[in-house]
Structures are given as C-alpha cells and as structure tokens.
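Here, each number is a calculation from the coordinates, and none is a lab measurement. These figures come from a predicted structure and were not determined experimentally. Backbone-built Cβ (ideal geometry, glycine too); neighbour counts: all protein chains shown.
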Amino acid sequence: MFSGVSTFAPEIDSAMAFILWWSAILMIGITAFMVYCMVRYSRKNNPKPTHIHGSVALETIWTVLPTILVLIMFYKAFGTFELMTTRPDDAMKVKVTGLKWRWVFEYENGKKADELVVPVNQAVELELHSPDVLHSFYVPAFRIKKDVVPGKDNWTWFEASEKGNYNVFCAEYCGNDHSYMLSTVRVVDSGEYSTWLNTKSEVLSGPDLLAAKGCIACHSLDGSSLVGPTFQGIFGKMETVVTDGEERQQRVDEDYLRKSILEPAVDLVKGYANQMPSQAGLLTDEELDAIIETIKELKE
Ligand SMILES: [Cu+2]
C-alpha cells in the first residue's frame, strides 16, 4: 500500500490499518457465524426449536471484548489527532487561500505562487483562508485535509519526510470547476528552497495567465457568456453596471478593470450575479498589470 510521506503519516496509516483490519475480521466473522446459524438451525437440520436462556459468560465476553477493541481504536486515533493538532513552534508559515477555483500560496517574504514549495524535513504551518465559499485543503500523501472556511481562519501543519511532487486537491464541492482546483506541493532540499523563495516568480502573459489564475473558468475570450461576461472586445466599450442597486453607464478603461478585479462586488455588470471572488492580495502587481494588458488586447 502507498505509505504517506509526512512525519505523522506512519501513525495515521497504522491507526487506519488497525481499524480497517479489525472491521474486516469482524464483518467476515459475524457474517460467517450468521450463515452457519442459518444452516445449522434451519427447519431441516433443527426441526424442534429449543429455547435458549441467557448466558452470563457469553454476554460478558461480547460486551467486554468489543469495548476494549473500540477503546484501542479511540486511543490510536486520538494519538494521531493530537499529533496533527499540535503545531511545532519552529514551523515555517505559509498563507494558503482557496478561492473559486485555485489555490494561492503566500510566503513570509511576500512571495506568492500557485504551487506550494517547501523544504524537506521542515515543519510547515499553513494558515487557511477563503474569500468566497467552503473549500478543503487536501494533500493525500501527507494525510492532511482541513476545511477552508470563509470568515474563520483555520490552520493545519505537516513536515514532509521525502522529496518529491505531491497532489493538492480541494475536497469540498465548491462549484462548477471544483474538480480542477488542483495544485502541487514540491518538497525540495533547503538550498533549492531558499533559491526558489528568493527568485521572483515568472509572470505568464496573455491567455496562459488568465488560465493560470482561473479567470477563464468564468470568462470566455471568444464572446460567449459563462458565469461572468466575456473579455472579448470589452475594453473601451460603454457598459451598464449596477452600483448599490442603481444602474449606470461606465466606460471600460484601465481603472475600471482594476477595480472590477480587486473589488468585483462594487460594480456588477448588468445581468450577472455577484459571483466573482476578489483577487485583492492574490495577484502580484505585475500579474495584475499583465492581466489588464491581456484584456485590452482581446479585440473583437
Ligand atoms: Cu474548492
């Protein structure tokens, strides 16, 4: 079986195996005994029913043994729970934002990235935020899964024990593109990590950038309308927007684009719902500029 690669994964795997195997043994044992009784005490094999009165010994055994078994399960599971909820003091901190539909990782030096890069054998504490709906940060290889709740700051931690690339999923259904809310944890050695941390992320451009930032889940580039309006040919156009419930005309210029991206709830394009997660704090200034340039160039 695939074993986990975080420091607490062996304990979790062992608790899981213990519970799984005992459940399997009991299920098979009880079913087999049931089948045996059906045959042994059928009308054919036992034509004259016998009345059985209680047996103190038997009742004691089937009360005490399962109680002990369940208490062992509780003890093992509680041990792993304690490990997972006790963050080491020297943990390095990364801020994780889950939004429709991507993950953003922000490091202590302000660097933002679409993937989580961490040094091997180093405790990492993740501060989990959501600006929109319920998400769940899930890294099966580390055996961690934690809800990312709007309005409540959750956290989780791990220490990766092996270098490699591991999947990040969202484990809470959060809308249309929930299943595409993927990312990677890259566990590298500490030298590679500090080089990476101190190198500016490369800024993509054009449609690739819009794809990497998840905009195209809701905005088409070809004129069709999705959850949000298309980006094609909007630059320079007059548009009807709803501000505080009042309709008004607005020219789509750079300032308006910037505001629509950072504070999408303020001016709603007429005919669309307030569905866009604010990108404030989630894009670097370079990325924001590059997105605005890209939208300007999407002519009809
Ligand atoms: Cu999600």
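Using the Cα centre as the reference, give the magnitude of the dipole from point charges on the C-beta atoms of the chain (Lys, Arg: +1; Asp, Glu: -1; all else neutral), rounded to the nearest 20 debye. Don't jump to the answer; show the numbers that get you there.
Values: 28 positive and 40 negative charges, 414 e Å.
In debye, rounded to 20, the chain gives about 1980.
Can you tell me the orientation of helix 56-84 relative to the chain, as the angle in degrees between its alpha-carbon axis and the longest Cα principal axis, to the nearest 10?
Around 20 degrees separate the two axes.
What does the charge add up to near TYR138, with Lys and Arg as +1, Asp and Glu as -1, over the other residues with Cβ less than 9 Å from its Cβ? Could the numbers behind the result be given before it?
Details: positive: LYS145, LYS146; negative: GLU172.
Spelling it out: positives minus negatives among the neighbours equals +1.
Does the chain come out rounded, prolate or oblate by the C-alpha gyration tensor, with a ≥ b ≥ c the root eigenvalues, rounded set by a/c under 1.5 and, if not, prolate when a/b is larger than b/c and oblate if not? It would help to have the intermediate numbers written out before the result.
Values: a/c = 3.40, a/b = 2.00, b/c = 1.70.
Taking the square roots of the gyration eigenvalues as a ≥ b ≥ c, the chain is prolate.
Calculate the dipole size of region 206-297 relative to its Cα centre from +1 charges on Lys and Arg beta carbons and -1 charges on Asp and Glu beta carbons; express the result in debye to the nearest 20.
Rounded to the nearest 20 debye, it is 320 debye.
What pairs in LYS95/LYS146; LYS100/LYS270; LYS95/LYS145; LYS259/LYS299; LYS112/LYS213 have C-alpha atoms more than 18 Å from each other?
In this structure, LYS100/LYS270; LYS259/LYS299 exceed 18 Å between Cα atoms.
Using a basic spin-label model with each label point 7 Å from the Cα along Cα→Cβ, how many nm lie between GLU239 and LYS299?
Placing both labels 7 Å beyond Cα along the Cβ direction yields 1.9 nm.
Using a 7 Å offset from the Cα along the Cα-to-Cβ direction at both LEU71 and GLN249, what is the distance between the two label points in nm, to one decimal?
Here the modelled spin labels are 8.0 nm apart.
Counting other C-beta atoms within 10 Å, and keeping those with at most 15, which DSSP coil GluC sites (Glu not before Pro) do you find in region 122-190?
In loop regions of region 122-190 (DSSP not H, G, I, E or B), the sparsely surrounded GluC sites (Glu not before Pro) are GLU162.
Which of rounded, prolate, oblate describes region 106-148, given a ≥ b ≥ c as roots of the alpha-carbon gyration tensor eigenvalues and a/c under 1.5 marking rounded, otherwise prolate only if a/b is larger than b/c? Don't jump to the answer; show the numbers that get you there.
Numbers: a/c = 2.19, a/b = 1.16, b/c = 1.90.
Note, shape of region 106-148 comes out oblate.
Take ASN165 and GLU286, extend 7 Å from each Cα along the Cα→Cβ direction, and tell me the distance between the two endpoints in nm.
Calculated label separation equals 2.2 nm.
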